[in-house]
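One structure is given below, encoded as structure tokens.
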Amino acid sequence: MNKINKCIKYIFLSNFKNWSMFAYVLILPLLIQIILFYFYINRSIKPDEIIAVGPFLSLSIIVAGTFIPYFLISWRETVFLRQLQNFGIKKWEFLFSMAVVFSVYALSSYIFSSSVLCILDSFTINKVVLKYFDGFFRNKAFILMIINLWILSLMILMVNILISGRLTNIYLAQVFVVLFIVWILIFGDFFIHNSLTQMRGVLILSYLNPVKYVNWVYYLTYSGTLWNLSNTYYIIANPNYFVSFKYIYGPLFSSLIFVTCFSYFSHVTLNNGLKK
């Protein structure tokens, strides 16, 4: 445990001195959130569709994950990564340390972006973001929603390691990460009130998107469907729309399975990547 603590401290201190960490983790997610706020959240999400705000706010965590390729590829050539075993640090210990560090980064990104959006939202008429957080903290299962954000951060970390673990070109890795984010947006049930999400092809492909399950854990929790099935109406008001899940067990266990599988394969990828 002492080795892990030292590894976590080293990663924190090294990245804290690097302006790129702040650019990837704080500035980039904030800029994207502001754009989404003015061009979609504030314009398209109605007061009775506030539940749709949550997944868009969690995008700050997803975008912050773009720091992982930069971190891995730029550090791969350093003495620290090439001599992990000489320091007595095993690959899984390094992976665990990264998970701790990125969890803090993800939470910081989420809080920072959400705080700015709340300030901007206070000048609007509908105030959908402020109303969303009012419902968030009043929800008796808000702890589960916080844990769900943590699960999302682990999922994003592991996927980014899978993408960039064996690549040596940062720009190529970032291209793949951006494509993954686009995939997440289109098939992750973010635009849940849009009729396009009800197309058969979109519905089928959405089940291959790991973030879909995280979003549905949130939907079922925030709406109270976790306690009362009739509250499904708060998720999707249109009775003709298909509801992907009515019970939380499906998306929750699916999310955990995805994280477990991604963790295993990211360990393999990291292990092979560091041999180069």
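Sort 101-109, 36-44 by the packing proxy (mean of other Cβ within 10 Å over each peptide's residues), most packed first.
Sorting 101-109, 36-44 by mean packing, highest first, produces 101-109, 36-44.
Per-residue ellipticity at 222 nm for the chain, helices alone: DSSP H runs ≥ 4 residues times -39500 (n - 2.57), over residue total, nearest 500 deg cm²/dmol?
Only helices count here, giving -21000 deg cm²/dmol.
Excluding same-chain residues fewer than 8 positions from LYS3, which aspartates and glutamates have a Cα within less than 17 Å of its Cα?
GLU93
What's the ranking of 3-11, 238-246 by average number of surrounding C-beta atoms within 10 Å, highest first?
Ranked by mean Cβ neighbours within 10 Å, highest first: 3-11, 238-246.
Apply the membrane-span-like helix rule to the chain: whole DSSP H runs, Cα extent along the own long axis of at least 18 Å, mean Kyte-Doolittle hydropathy at least -0.5. List the helices found.
Counting only whole DSSP H runs, the qualifying helices are 2-16, 91-121, 142-164, 170-187, 210-222, 249-273.
Say the cut-off is 31 Å between C-alpha atoms; which of LYS46/LYS212; LYS17/LYS91; LYS6/LYS140 go over it?
Distance filter (> 31 Å) returns LYS6/LYS140.
Taking the Cα centre as origin and putting +1 on Lys and Arg beta-carbons and -1 on Asp and Glu beta-carbons, what dipole magnitude results for the chain, to the nearest 20 debye?
720
If you count, for each residue, the other Cβ atoms within 10 Å and average over each peptide, how do 117-124, 213-220 line up from highest to lowest?
213-220, 117-124
Given the options MET199, TRP216, SER254, identify the residue whose Cα lies farthest towards the positive end of the charge dipole of the chain (+1 on Cβ of Lys, Arg; -1 on Cβ of Asp, Glu).
It is SER254.
Just so you know, all these numbers are worked out from the coordinates, no wet-lab data involved. On a predicted model such as this, the values are computed, not experimentally measured, just so you know. Methodologically, a virtual Cβ is constructed for each residue, glycine included, from the backbone with ideal geometry; neighbour enumeration extends over all protein chains shown.
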